Amino acid sequence: QCGNQIGAKLWEVISDEHGIAPTGSYHGDSDLQLERIKLFYIEVYGGNYVPRAFLLVLVPVTLDSVR
């Protein structure tokens with residue numbers, strides 16, 4: 001439970017730092033935000049970015065807290 005909550009917060013912070021919206025689109029204002037972005041994201045069709053992580057949650061209460 002704790003690991004998934006920390007992981008969700010980590011991705012929130014990384015997305016903010018790199019200018020990635022929750023939809024996966026880039027809305028940043030600096031080329032530096034795209035530097036090394038492939039370390040954290042995979043660029044998919046249409047120029048959107050998908051996190052390079054998979055968080056598995058089996059407990060409904062935890063799932064609700066990271067949504």
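All of the numbers you see were taken from the coordinates with simple rules; none came from a lab. Note that the coordinates shown come from a computational prediction; the quantities given were computed from them, not determined experimentally.
Using only the Cα atoms of the chain, build the gyration tensor, take square roots of its eigenvalues as a ≥ b ≥ c, and label the shape rounded, prolate or oblate: rounded if a/c is under 1.5, else prolate if a/b is larger than b/c, else oblate. Prolate. With angles folded into 0 to 90 degrees, how steeply does helix 2-18 sit against the dominant principal axis of the chain? Use alpha carbons for both and round to 10. Tilt of helix 2-18: around 20 degrees.
Each residue of region 23-34 is assigned a 3J(HN,Hα), and the resulting list reads 7, x, 8, 8, 10, x, 10, 9, 5, 5, 5, 8 Hz, derived from the Karplus form 6.51 cos²θ - 1.76 cosθ + 1.60 (θ = phi - 60°), x at Gly and Pro.
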